[in-house]
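S.K.: Structure provided below as structure tokens; questions to follow.
The values are calculated or read from the model by the stated rules, or taken from the named source; none is laboratory data. Bear in mind that the values here come from a model prediction, so they are computed numbers and not experimental data. Cβ placement follows ideal geometry from the backbone for every residue including glycine, while neighbour counts extend to all protein chains displayed. Only protein heavy atoms, including side chains, enter the accessible area calculation; ligands, DNA and RNA are left aside. Shrake-Rupley method; radii C 1.70, N 1.55, O 1.52, S 1.80 Å.
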2 protein chains.
Amino acid sequence: MDYAATTPVDPRVLEAMKPYFLKKYGNSMSLHAWGREAKEALENSRETVASLMNADQEEVIFLGSGTEGSNMVLKGTAFANRKKGKHIIVSSIEHHCVLESARWLERQGFEITYLPVDKYGLVDLNALENAIKKDTILVSVMHANNEIGTIEPVEEIGKLCREKGIYFYSDAAQSYGKIPVDVEKMNVDLLMVDAHKIYGPKGTGALFIRKGTKIEPLLHGGGHEFGLRSSTVNVASIVGFAKAVEIQKKEMNSDANKQTKFRDRLIKEILKIEDSHLNGHPTKRLPNNAHFWFAYIEGESLITQLDMHGIAASTGSACSSESLEPSHVLLAIGLKPQEAHGSLRLTTGKYTTKKDVDYVLEILPKAVKRLREISPFKGGWE
Amino acid sequence: MDYAATTPVDPRVLEAMKPYFLKKYGNSMSLHAWGREAKEALENSRETVASLMNADQEEVIFLGSGTEGSNMVLKGTAFANRKKGKHIIVSSIEHHCVLESARWLERQGFEITYLPVDKYGLVDLNALENAIKKDTILVSVMHANNEIGTIEPVEEIGKLCREKGIYFYSDAAQSYGKIPVDVEKMNVDLLMVDAHKIYGPKGTGALFIRKGTKIEPLLHGGGHEFGLRSSTVNVASIVGFAKAVEIQKKEMNSDANKQTKFRDRLIKEILKIEDSHLNGHPTKRLPNNAHFWFAYIEGESLITQLDMHGIAASTGSACSSESLEPSHVLLAIGLKPQEAHGSLRLTTGKYTTKKDVDYVLEILPKAVKRLREISPFKGGWE
């Protein structure tokens, strides 16, 4: 129930990767046969990854991670366009990699507007239009939120940005390979995708950079990836990523249908628990995301209870689950800190079975009940 | 003959990685059993990688690549220490990832001194001492050069930097796991190592950061790696890296002895070719590196000739072999551009056999001869 944090590698992906560890291990920059073999695998993979976002091959570079992509976009467009302006707009529910890059830029003299969202986590287009200034250079709104699963109105946001001549970046780490991602329809200039969220290996991702977009590299060096991302190319992982994309291309729709049924059943049944609440939008949400808050309990204790029964789940986002701060996403949709602390994210995946869902629905209500019995808040927060 | 560009993954390394792709795939930040399992593997790997450089476990973070490490060190120390000063010294034969990061910093208002080297590629300690100014914050000199294999006097450089209160960074991508690397003896504050140079996977490396060193992250986000390097931790690759280190720990010495014999034989025999010259130091060089220039021929044509005979070799460094510019390293040691263009790097590895060396010594002189016969420069460069 924690597929949004990361996924296992599909065995077919590992099979595709193996030869690139042992035999076809060349450096894609080398001039000899091993180098050419690596280069060819790289370019074939680029074509595959680009095709599932309707992008041209030359507009996609590979990354070491999704986080790297967001850092590159925020810092790279800021530094490359600072003569035009120093104002950047980010939604207040962006992933930490966007928000922390934005905060770093603030310390370098850039101005950041953190755009509020409604109770479902949706960015308000009017608020965005009002936030845009003459010197705005970039708007960053994720495609689908990693915690509450809300899918943002990216097409309209992109359209507005384009009218105003502002770059639009969307972090599609949670959506790519799960729901349709189309850089043309979405009107994005920059879009990041991640391999380990769709049964590919950790440590690789890709960034769409629309032709003509002014951006500086984050990693300087030997000039790999059209001079935009230096580093010996991680061919094995990239081949694995492409294999994962190829599989999702075929299985995405049927998989999404399956997940949606699981999700809707989880939501319907879990909301029967007293004082339980759905977070995120009832329909505009990822097919595999069900997110709740339960009054009077601590999410961390709930995770521990579920873990004791062999169920993996998350409270807050995986990337900050060690932190004691309440989730910035949940605060942004209007939850009080004590409400946010009682949150639970259940995210299913392609290996989830009906039996798994049944089991969660058997264990979870008992766990909530037990925790409430021993809760110091039992009977209210006063 | 191109092990310096990259190496195959040792089958034992791949075996160690496999479970972390398929079963033990957790996110190291997750609170449940899968997360704890990942976290434990991460910390065990950190201990292994740290131990082969005589560092404390808490002083080592994992990277997405060596290039990322150099970018982080150059930019991260520059931004964190700019109140102290804006002057950085780098050797003129550093890897592109250091030099290009330095050039980017120059564009941000930092002052860079490019330290000359002697004809062997050795940094002159007097020149370094003279280059140091009141506002110098960092000195970057690699442990062993990736092209010509020269091993720098890092202990003395580190000692001098420490006396002056300046951070010392050394890129040990080519030396770690091949010759002893000891952060205490070397007097370094920052040291980068890379997995794919020692039979580990591409896409991971590590950075030693001495306790108390002021440095900013390059990748901002969820706060992984002690808050210094955000990004979902690539546990499988890190486990593979640690396995590679464990193997090198045992096999490094015997392996270095074998390589040294191959190297010395290659050098002795190849210098018998008319108008051939050794680049780099005769003895202060990596055990697996033999580097030459041949008058009147193009290195690229030589690579092609060797490739036709199934021999992988390199001219210039692997990372820039697509470039038409002569190698900055060879120019720095005093070669003329046309001399640098006739260069050849042969680097052996643990799977190199005596038969391989024999074969190269059979093919190479013929290839040089053939190219000279058709060379427009035949008989001289005038």
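S.K.: Can you work out which of the residues in segment B:2-44 that are open to solvent by 40 Å² or more (accessible area, probe 1.4 Å) and outside any helix (DSSP H, G or I) is farthest from A:Pro11 (Cα to Cα)?
M.R.: Among residues in segment B:2-44 that are open to solvent by 40 Å² or more (accessible area, probe 1.4 Å) and outside any helix (DSSP H, G or I), the one farthest from A:Pro11 (Cα to Cα) is B:Leu31.
S.K.: Within segment A:296-330, can you find the residues that are away from chain B (no Cβ under 14 Å) and at pLDDT 95 or above?
M.R.: A:Leu330
To keep it simple, each residue is scored yes or no on (1) modelled with pLDDT of 95 or more; (2) farther than 30 Å from B:Met17 by Cβ; (3) in contact with a Ser or Thr (Cβ under 8 Å, 6 or more places away or on another chain).
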residue	(1), (2), (3)
B:Trp104	yes, yes, no
B:Pro116	yes, yes, yes
B:Met142	yes, no, yes
B:Glu156	yes, yes, no
B:Gly177	yes, no, no
B:Gly203	yes, no, yes
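S.K.: If B:Val183 meets every condition in (1) surrounded by fewer than 24 Cβ atoms within 10 Å (Cβ to Cβ); (2) in contact with a Cys (Cβ under 8 Å, 6 or more places away or on another chain) apart from one, which number is that one?
M.R.: B:Val183 satisfies every listed condition except (2).
S.K.: Taking the condition of being hydroxyl-bearing (Ser, Thr, Tyr) and touching a strand residue (DSSP E or B) at 6+ places or on another chain (Cβ under 7 Å), how many residues in segment A:178-237 meet it?
M.R.: Number of matching residues: 2.
S.K.: Can you tell me which of (1) open to solvent by less than 40 Å² (accessible area, probe 1.4 Å); (2) at positive phi is the one A:Asn54 doesn't meet?
M.R.: That leaves (1) as the condition not met.
S.K.: Taking B:Glu163, is it at pLDDT 95 or above, surrounded by fewer than 16 Cβ atoms within 10 Å (Cβ to Cβ), touching a helix residue (DSSP H, G or I) at 6+ places or on another chain (Cβ under 6 Å) and part of a helix (DSSP H, G or I)?
M.R.: no
S.K.: Of all helices (runs of 4 or more DSSP H) completely enclosed by segment B:283-374, which ones contain at least 2 residues that are under 19 Å from A:Gly222 (Cβ atoms), open to solvent by 10 Å² or more (accessible area, probe 1.4 Å) and in contact (Cβ under 8 Å) with a residue 60 or more places away in the chain?
M.R.: It comes to B:328-332.
S.K.: Of the residues B:Ser231, B:Ser237, only one is small (Gly, Ala, Ser) and part of a loop (DSSP other than H, G, I, E, B); which?
M.R.: Residue meeting the stated conditions: B:Ser231.
This table checks each residue for (1) touching a strand residue (DSSP E or B) at 6+ places or on another chain (Cβ under 8 Å); (2) free of Cβ contacts under 8 Å to residues at least 60 places away in the same chain.
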{"residue": "A:Asn54", "(1), (2)": "no, no"}
{"residue": "A:His87", "(1), (2)": "yes, yes"}
{"residue": "A:Ser91", "(1), (2)": "yes, no"}
{"residue": "A:Glu100", "(1), (2)": "no, yes"}
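S.K.: Name, by its number, the condition in (1) among the charged types (D, E, K, R); (2) in contact (Cβ under 8 Å) with a residue 24 or more places away in the chain; (3) more than 10 Å from chain A (Cβ to nearest Cβ) that does not hold for B:Lys83.
M.R.: (2)
S.K.: If A:Gly212 satisfies all but one of (1) touching a Phe, Trp or Tyr at 6+ places or on another chain (Cβ under 9 Å); (2) of a type outside the set (Val, Ile, Thr); (3) closer than 30 Å to B:Leu99 by Cα, what's the number of the condition it fails?
M.R.: Going through the list (1) touching a Phe, Trp or Tyr at 6+ places or on another chain (Cβ under 9 Å); (2) of a type outside the set (Val, Ile, Thr); (3) closer than 30 Å to B:Leu99 by Cα, A:Gly212 breaks only (1).
S.K.: Are any residues in segment B:221-240 in contact with a His (Cβ under 9 Å, 6 or more places away or on another chain) and either within 20 Å of B:Glu40 (Cα to Cα) or outside the structural domain of B:Gly76 (by TED's automatic domain parsing) (or both), and if so, which ones?
M.R.: Within segment B:221-240, B:Gly222, B:Gly223, B:Ser230, B:Ser231, B:Thr232, B:Val233, B:Asn234 qualify.
S.K.: Then there's this: Take the residues in segment A:73-130 that are of a type in the set (Asp, Glu) and either in a strand (DSSP E or B) or open to solvent by 10 Å² or more (accessible area, probe 1.4 Å) (or both), then tell me which one is nearest to A:Phe62 (Cα to Cα).
M.R.: A:Glu100
S.K.: Does B:Leu266 fit the bill of being assigned to a helix (DSSP H, G or I), over 17 Å from the mean Cα position of the chain (by Cα) and modelled with pLDDT of 95 or more?
M.R.: yes
S.K.: Among the residues of segment A:224-245, what is the count of those that are open to solvent by 20 Å² or more (accessible area, probe 1.4 Å), out of contact with any Lys or Arg (no Cβ under 6 Å at 6 or more places or on another chain) and at the interface with chain B (Cβ under 7 Å from one of its Cβ atoms)?
M.R.: Residues in segment A:224-245 being open to solvent by 20 Å² or more (accessible area, probe 1.4 Å), out of contact with any Lys or Arg (no Cβ under 6 Å at 6 or more places or on another chain) and at the interface with chain B (Cβ under 7 Å from one of its Cβ atoms): 0 in total.
S.K.: Could you figure out which of (1) surrounded by 22 or more Cβ atoms within 10 Å (Cβ to Cβ); (2) in contact (Cβ under 8 Å) with a residue 60 or more places away in the chain; (3) in contact with a Lys or Arg (Cβ under 7 Å, 6 or more places away or on another chain) isn't true of B:Ile61?
M.R.: (1)
S.K.: Separate question: Of all residues in segment B:36-73 being at the interface with another protein chain (Cβ under 8 Å from one of its Cβ atoms) and not acidic (Asp, Glu), which is nearest to B:Trp104 (Cα to Cα)?
M.R.: So, considering only residues that are at the interface with another protein chain (Cβ under 8 Å from one of its Cβ atoms) and not acidic (Asp, Glu), the one nearest to B:Trp104 (Cα to Cα) is B:Asn71.
S.K.: Go through (1) assigned to a loop (DSSP other than H, G, I, E, B); (2) small (Gly, Ala, Ser); (3) in contact with a His (Cβ under 7 Å, 6 or more places away or on another chain); (4) away from chain A (no Cβ under 14 Å) for B:Ser170 and report which single condition fails.
M.R.: Failed condition: (1).
S.K.: Quick check, is B:Ala195 without any contact (Cβ under 8 Å) to a residue 60 or more places away in the chain and buried (at least 24 other Cβ atoms within 10 Å of the Cβ)?
M.R.: yes
S.K.: Given the conditions (1) buried (at least 24 other Cβ atoms within 10 Å of the Cβ); (2) farther than 20 Å from B:Gly64 by Cβ, which single one is not true for A:Gln248?
M.R.: All conditions are met except number (1).
S.K.: If you don't mind, another one. Scan segment A:172-214 for residues that are touching a Gly at 6+ places or on another chain (Cβ under 7 Å) and acidic (Asp, Glu) and jot them down.
M.R.: A:Asp194
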